[in-house]
Amino acid sequence: MNIRHLRYFAALARERNHARAATACNVTQPTLSEAVRQLEHELAVPLIDRKGQRFQGLTPEGERVLLWAQRILADEDALGQELSEMRDGLSGTLRFGVIPAAMPVTPLLTNPFLKAHPLVTLKLVSHTSIEIQRGLDDGTLEAGLTYLDNEPLRNVRTLPLYRERYMLLTPAGGPFDGLRSVSWREAARLPLCLLTRDMQNRRIVERLFGEGGSPPPKVAVETNSVLALVAHVRSGGWSSVIPHTFMGVLGCDDEAAAGFVAVPLVEPDAAHTVGIVLNERDPLPPLARALLKSACSHDLSNELDRNLRPVH
């Protein structure tokens, strides 16, 4: 069996389009199509549903073969990393999926790792928690940074890093200036800009509003972009709920210049654990193993306390 054929087949399953899969593999479409047909011939099962002219999906046999192909390709990548590490030091591309709520934290984690392994390239991608789980399962991600204690994870090993707390981000000059805290019930009365419901942060926030005894909040704007969320608050028309880790990157130390204030949310005073997730494989691929070792050598929670504005 030609492992290149498995790679083309996995790309087709991912892209769900022959032309896009061929482009991703840097081959012509006829080359990719012929490779998949050869794989079907070797395995003596149909892998692709070819009803009509377009890609219709995988057959049941194709779905099963895809699982094995992803494992084989992940092992091939890990073998290449292992041999490269023995020759010249660790190299390759670390594909790291991060939930938007944790993006401000990533430099504290990735900078020490990249300094220790200068030949490694980091591909840092914003993903939902569900996409991170999927990426670990199919081998398209080596690691993820996501919530650990809110929604169940499967077939992963985890490393808790810090506890995320929540702040009301609201335009300066409003009724919350100078307050040391604001309740979730009070915040629910404001016109809000929140992340979309496919984000776990949004699901956490909605649950906390309910636990605070408030009616469903009025969500005026939904976005999957944290930058768009902050821009709407800065414009003066909306408020939002953000993790406390955003305080440093938003420049909240100078609230007058920033155009907004950030106030801790209480009643309930909630926190959720965020950490690294890796596929539960043994042995771990070298890049994943190196990231885990680097993260274990740094107390990220204390670093956050030193680098971010304290929450009272």
- Query: Which listed residue (175, 162, 91) has the Cα farthest towards the positive end of the charge dipole for the chain, taking +1 on Lys and Arg C-beta and -1 on Asp and Glu C-beta about the Cα centre?
  - Reply: 175
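Go ahead and run the numbers for FRET between residue 34 and residue 151, Cβ-Cβ distance against an R0 of 35 Å, rounding to 0.05. Don't skip to the answer; put the middle values down first.
Values: r = 42 Å, r/R0 = 1.21.
About 0.25, to the nearest 0.05.
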- Message: Using a Gaussian network model on the chain with a 10 Å cutoff between Cα atoms, which of 42, 206, 76 fluctuates the most?
- Response: 42
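Give me the percent relative contact order of the chain, please, defined on Cα pairs under 8 angstrom at least 6 residues apart.
Working: 511 pairs, mean separation 63.8, N = 312.
Answer for the chain is 20 percent.
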- Query: Using a basic spin-label model with each label point 7 Å from the Cα along Cα→Cβ, how many nm lie between residue 75 and residue 114?
  - Reply: 3.3
- Task: Calculate the spin-label point distance for residue 51 paired with residue 20, positioning each point 7 Å from the Cα along the beta-carbon direction, and give it in nanometres.
- Result: 2.1
- Query: Helix 200-211 versus the longest principal axis of the chain: what angle, 0 to 90°, nearest 10, using Cα atoms?
  - Reply: 40
- Query: Between residue 45 and residues 5 or more places away or on another chain, which pairs have amide H atoms under 5 Å apart, with H built 1.01 Å from N, and which residues are they?
  - Reply: none
- Based on the Cα atoms of the chain, what semi-axes does the equivalent ellipsoid have, where each is the square root of 5 times one gyration tensor eigenvalue, given in whole Å with the largest first? 42, 24, 16
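Determine the gain in length on full extension of the stretch residue 228-residue 211; use 0.36 nm per residue of separation and subtract their C-alpha separation, reporting nm with one decimal.
Working: separation 17, 0.36 × 17 = 6.12 nm, distance 2.72 nm.
Value of the extension gain: 3.4 nm.
For n ≥ 4 DSSP H runs only, could you compute -39500 (n - 2.57) per run for the chain, divide by its residues and tell me the 222 nm figure to the nearest 500?
Values: 13 runs with 138 residues, N = 312.
One gets -13000 deg cm²/dmol as the mean residue ellipticity at 222 nm.
All of the numbers you see were taken from the coordinates with simple rules; none came from a lab. None of these values were measured; they are calculated from a predicted model. In this analysis, Cβ positions are derived from the backbone assuming ideal geometry, glycine residues included, and neighbour counts consider all displayed protein chains.
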